[in-house]
Amino acid sequence: MLMAPKDFDILDLLPQRPPFIMVDKLTYYDAVVTKTVFRVSEDNLFCHDGIMEESGLIENIAQTCAARMGYKEKTEPHRDGVIKIGFIGMIKSMHIFRNPQVGERLETTIEIKEDVFNATLVETKVECGDETLATCEMKIYLTDKAPGLLVES
């Protein structure tokens, strides 16, 4: 039986580890759209004086992309189930309307525009309730490396 996105522990879907986690839960997944939620906490690496920095919003979007790929790895039969490392290749048309505050719950949505080989282009939106906080286009490149394989010997 296929597990629903909300049934996964986010750490099973992401290569990142605490304290660098910027999503709490994958809430929706289909072939085109993925959604996550994240509550901004006071001890967040990107928060200062009760406000999350722009870099935290960017990382939240990137980790939503990572959660999508992790879910695909864990649920699609032709995949090996190993979470891979990805990186941001491009950010275009970034608009930040307001920085989130500590305690706010963010819902991040990515919509796939292109998914070719190891590159995925997405349109994104970060919302808090009915308010849009940020939008952008982002291109993510997926490597064939798992987190444990990045350690130099």
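Every number here is computed from the coordinates shown, using simple stated rules; none is lab data. All of these numbers come straight from a predicted model, not from anything done at the bench. Neighbour counts run over all protein chains shown; Cβ positions are idealised from the backbone, glycine included.
How large is the Kirkwood hydrodynamic radius of the range 62-149, in angstrom, based on all distinct alpha carbon pairs? Please list the in-between numbers first.
Numbers: mean 1/r = 0.0707 Å⁻¹.
Hydrodynamic radius (Kirkwood, Cα only) of the range 62-149 equals 14.1 Å.
Roughly how many debye, to the nearest 20, is the charge dipole of the chain about its Cα centre, given +1 on each Lys and Arg Cβ, -1 on each Asp and Glu Cβ, and no other charges? Show your work: numbers first, answer last.
On the way: 17 positive and 26 negative charges, 67 e Å.
The dipole of the chain has a size of about 320 debye.
Please give me, ordered by residue number, the trypsin sites (Lys or Arg not before Pro) of the range 9-92 that lie in loop per DSSP and have at most 15 other Cβ atoms within 10 Å. Provide the component values of the computation, followed by the final result.
Numbers: sites: Lys25, Lys35, Arg39, Arg68, Lys72, Lys74, Arg79, Lys84, Lys92; in loops: Arg79, Lys84.
Sites meeting the loop and neighbour criteria: Arg79.
Mind checking the log10 I(q)/I(0) for the chain at q = 0.13 Å⁻¹? Debye, one equal scatterer per Cα, no solvent, two decimals.
Rounded to two decimals, the profile gives -0.56.
Could you state the angle between the C-alpha long axis of helix 54-75 and the longest principal axis of the C-alpha atoms of the chain, as a value from 0 to 90 degrees rounded to the nearest 10?
Compared with the principal axis, the helix lies near 30 degrees.
Determine the relative contact order of the chain: mean sequence separation of Cα pairs under 8 Å and six or more apart, normalised by residue count, in whole percent. Can you show the working numbers first?
Numbers: 316 pairs, mean separation 36.4, N = 153.
It rounds to 24 percent for the chain.
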